[in-house]
Each structure stands twice: as C-alpha cells, then as structure tokens.
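So the structure is just underneath, and the comments pick up after that.
The values are calculated or read from the model by the stated rules, or taken from the named source; none is laboratory data. Because the structure is predicted, anything quoted here is derived from the model rather than measured. No Cβ is skipped: glycine too gets one built from the backbone with ideal geometry, and neighbour counts run over all protein chains shown. Keep in mind that these areas ignore ligands, DNA and RNA; they rest on the heavy atoms of the full protein, side chains included. Shrake-Rupley method; radii C 1.70, N 1.55, O 1.52, S 1.80 Å.
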Amino acid sequence: MDTGRQDRSLADAVMARSGTNFKACYQCRACAAGCPFVKAMDYPPNAVLRLLQYGMTQEALTCKTIWVCVGCHTCSSQCPMNIDLAAVMDTLRLMAVEEGVAIASPHILDFHEEVLRSLERYGRAHKLGIMLRHKMSTKSWFKDLDVGLKMLAKRKLDLWPSKVKDIKEIAGLFQCYWREAS
Amino acid sequence: MSQSPQMDFSYFPGCSLATTAAESNQSMIQSARILGLNLIELEDWNCCGSSSASTLCKNLALAMAARNLSLAPAGRPLVAMCPRCLHYLRGAQHCLRDDGETRRNLEEQFGRPINLDVEIIHFMEILVRCGLDRLGEKARRSLKGLKFVPYYGCTLFRPPRLARQKYFQGEMENILTALGAEPVTTALSHRCCGSFLSATDPEVVTPLVNEIIDSAVASRANCLVTACAMCQLNLEIRGTTKTRLPIFHFSEILALALGAEDYETWFVRHLVDPRPVLQNLALVA
C-alpha cells in the first residue's frame, strides 16, 4: 500500500464535522479493549482512525464498524487522549449516506429508515410497525419471532400508534431530510 | 429545593414511556402524585429525534427536538425520564443557543417562539432537589433486603457532549439507599445494553446482556434497577441466562417505596416476573 499517495482530505473533513481531533491517536487500543461490540465489527475503533490517518477514504466509509457502533461512548470515555471516537463514527455514518457508498450493514440502515418512516407518519415511533416493516424489507420474518410474540402477549407492542395531532407540522420537518437524501 | 419549592413541571414522556414502557410512565406519575409534584404533559409532543434521525439527518434531528422546545411553556422546567430524550432535547437547546439563524428559521416554520431558557432536567433531578429527608418522610414501604445493581445506561452516564452538565452517577444509589435498599456495585453496571442492535442483530446482543445479568447474579444482587426504558427492555428480552433476575424501572421501585398500590398493573408487563423477589421480601402481597 502506498500510503504517501492517499487522499487525506477526508480525515480533515471528518475532524471538522465531528469536532474531534484524532491526530493524537497513538494506537493504544483502549477503545478496542473496552468496546462491547468489537466482535461484530470488521475493524476495531482504533483501526478506523488509522484508515482515516492513512487517507483510506473508501475503506473507512464502507466498513461495518461505523454501523455496528451504537454510540455508547465507552471508547470516548476510556481514550487516554480524550478523542471522542463515537462522534467520529457518527460523522462517518452521515458521510457514507451522503456519498452514496455501498453500506456495509444495509439492514441497520434499513432499520433507521423504518424508524424515520414511522416518525414522519405519526410524529412518534410505532415499534410494532417499525419491526414489521423492517422484517419485511430484510426478509427475516422468522428470525426472533418468539421475542416478538412474548412482547405482544405482555402488551408491550401497541397495535395502534400514538400520534401527534399536528401531523402537517411534522411533515414540514421532514423536508430537509428528503432534500438531503436526494 | 428552596423553601417554597416549585412543583409545576412540563413533562416529556417520549415514545418508549408512552408505549412499550407504559409501566415506567405509570409508576413515575404515581411517585410524582405522592410527592406532590405536578407533571403537566407537554401538549402534542413528538419524538425527540432518537438515534435514527440523528444518524440519517442532523437537521431533521434538530428540528424534531426543537419542535418540542417550542411547545414548552416558559416558567417551569421540562422534565424527561428517558435519558435519550433528555440528551437530544438538551443537545438541541445547546445548539440553538449558538445558532441564531437556524433558531429563527425554525421559529418561522412553527409560527411560535422557541424558549431557550426552559431548564431541561431528568426526573431524578427533581428528587435530588426535593432532598432525601423529604423522600424518607413520604416512604410507606421499606426496601430493606432489596439488593440492586444500579444500571444507569450509557446516556445518563457518559455522553461527552454533556460533560459539563449534571452527572447522575451515584444518585440512584443515594435515593434507593435512603429508602432502605442496598446497592451492589461489583456488577457490570456500566456495560451497554446493546441499544438498537437488539432489534437488528439480536445474536450480538444476547451474549452481552447475559454477561451483565450473570455478573449481577455473581454479585448476589436480587435485581437490576435502570433509569432507561430501552435498557430495561433489552435486558429483559435479550437475556437467556439460567438464573433470570427482574429488571425494574427506577420509577417502579421508587413508587413501591412511596406506597403506590397499582403495582400489579406494571408488573404484569414484565417479561421476567418481578413479583417472587418482592414477595420474598414481603414488599408486595
């Protein structure tokens, strides 16, 4: 790999947008050691910073790690250089969507999109509707069915959504989303 | 609190407490009633934006939180129980203070002002202000024998963006200890519950949740108490350990200690029945 020829402009853009200076990262891996989800990632968090430092834009934007990260901030609170890695992951997710690159975990993006559909329609999250649509689009009807049935039996999944009255005002809020998505 | 404590609060339930975690909502409202607090639900509130809006469009996330701020009347604090809602509402307030242009655009869109002076606080903060003495006076059941793991959840515990704001670490222990319970601090009380991965990748979350529950069992706790409705749900639905421990909403234990009688309606909604543990301690019939 010829790192000297790589484009470092992404690293600068990520630093500016996330408000996080990760040049100070010296790869101690405290973030990777503490991350509860590291096993489900393709790169540990410190390696994502390394990709950015090397200017490996595509690798950073198309990795699974940025989608698996839930923003629990364990890494950010453990980093000896006080680097907010969760903010970096957050920024990379947004940029991946904006750039239209191949998404490494499309089912997670699909879930977030289903949540937004619910929010646009009702102004509030309707969990049963979100899960049904998510299962339909990922064709995973039978995965996890037992938990869904238990939740229904305990009436933890409302059949009907809780709704905002002024739904027109909510629709107005979504204009920026559709404008940015297009 | 000062000598004449302010008892009126705007209340933001959020999507979880309005639906899946209705038992947390009910028990919190019971607690508030017993303590003489007047929680007034925010008229026509909407979702705070949640992590999904924040992931896909920052402007949308900000606008959703901002609409709620525009609905909050001046002169009384805005209270949330869900840590994530609290975080997004506070984050939006913070952002709009610095960004006058976006604020004006949103105000124009809503046709009403966004009051940025409204104080946004967690329900636990009201209790801290009330003081432990007052809580003790109102207590009707002793929580003696209840060994709980305080499980704050990540959002109440460590968001760096809110590092200069109020931390709640220790408050749950202070409050429940004053009511007779015993905190167990050797378990994994700061390990993430898995958040939305519980919906998208349950096989990733189950082993993590099991580790949390097992650590609580090994520490001889008889329950976990959480301040976050999503943590409560994930710990309940994703746990597959042999020994299951009940996962309480903080508000349930509080309301129980304060003498609430409608606990049966909350506990039937749990996937791990919490009644045996409470019956052993003679806390419920």
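Taking chain A as a Gaussian network, where each spring joins two C-alpha atoms under 10 Å apart, which residue of A:M151, A:M131, A:M56 fluctuates the most? The residue with the greatest mean-square fluctuation here is A:M151. Taken one residue at a time, the phi angles of region A:110-126 give Karplus couplings (6.51, -1.76, 1.60, θ = phi - 60°) of 4, 4, 4, 5, 5, 4, 5, 4, 5, 5, 5, 6, 10, x, 9, 7, 9 Hz. Gly and Pro are set to x.
Using only Cα atoms and rounding to the nearest 10 degrees, what angle (0 to 90) does helix A:127-137 make with the longest principal axis of chain A? Approximately 70 degrees, to the nearest 10. Per-atom-type breakdown for the protein assembly as shown gives carbon and sulfur 51% of the accessible area (1.4 Å probe, protein chains only). On a per residue basis, chain A carries 51 Å² of accessible surface, using protein heavy atoms and a 1.4 Å probe.
With 27 Å as the limit, write out which pairs from A:K23/A:K64; A:K139/A:K165; A:K139/B:K58; A:K39/A:K139; A:K39/A:K154; A:K143/A:K168 have Cα-Cα distances beyond it, or answer none. Provide the component values of the computation, followed by the final result.
Numbers: A:K23/A:K64 22 Å; A:K139/A:K165 33 Å; A:K139/B:K58 29 Å; A:K39/A:K139 25 Å; A:K39/A:K154 32 Å; A:K143/A:K168 36 Å.
Result: A:K139/A:K165; A:K139/B:K58; A:K39/A:K154; A:K143/A:K168 exceed 27 Å.
Considering only the other residues whose Cβ falls under 13 Å of the Cβ of A:I167, what net charge follows from Lys and Arg at +1 and Asp and Glu at -1?
On the way: positive: A:R121, A:R124, A:K163, A:K165, A:K168, B:R67; negative: A:E120, A:D166, A:E169, B:D44.
That sum, taken over residues with Cβ under 13 Å, equals +2.
Taking all protein chains as they are arranged and a probe of 1.4 Å, the heavy atoms of A:Y54 leave approximately 80 Å² accessible to solvent.
Out of B:Q232, B:Q169, B:Q109, any idea which swings most in a Gaussian network model of chain B, alpha carbons joined below 10 Å? In the Gaussian network model the winner is B:Q109.
By how many degrees, 0 to 90 and rounded to 10, does the Cα axis of helix B:229-238 deviate from the longest principal axis of chain B? Orientation of helix B:229-238: about 50 degrees from the principal axis. Comparing B:F157, B:F250, B:F196 in a Gaussian network model of chain B (Cα springs below 10 Å), the most mobile by mean-square fluctuation is B:F196. The residues B:T177, B:T186, A:T138, sorted by heavy-atom accessible surface at 1.4 Å with ligands and nucleic acids left out, run B:T186, B:T177, A:T138 from largest to smallest.
Neighbouring Cβ atoms from other chains, within 10 Å of the Cβ of residues in B:140-152, number 0 on average.
Summarising the amide proton neighbourhood of B:V149: residues at separation of 5 or more, or on other chains, whose placed amide H is nearer than 5 Å comprise B:V184, B:C223, B:L224, B:V225.
Extension gain, A:K143-A:Q175: 0.36 nm per intervening residue step, less the Cα-Cα distance, totals 8.1 nm.
Only protein heavy atoms count here, probed at 1.4 Å, and on that basis chains A and B bury about 4800 Å² of accessible area in total. When both region A:51-100 and region A:136-182 are represented by their alpha-carbon centers, they are found 27 Å apart.
The C-alpha atoms of chain A define a longest principal axis, and helix A:85-99 lies at about 70 degrees to it.
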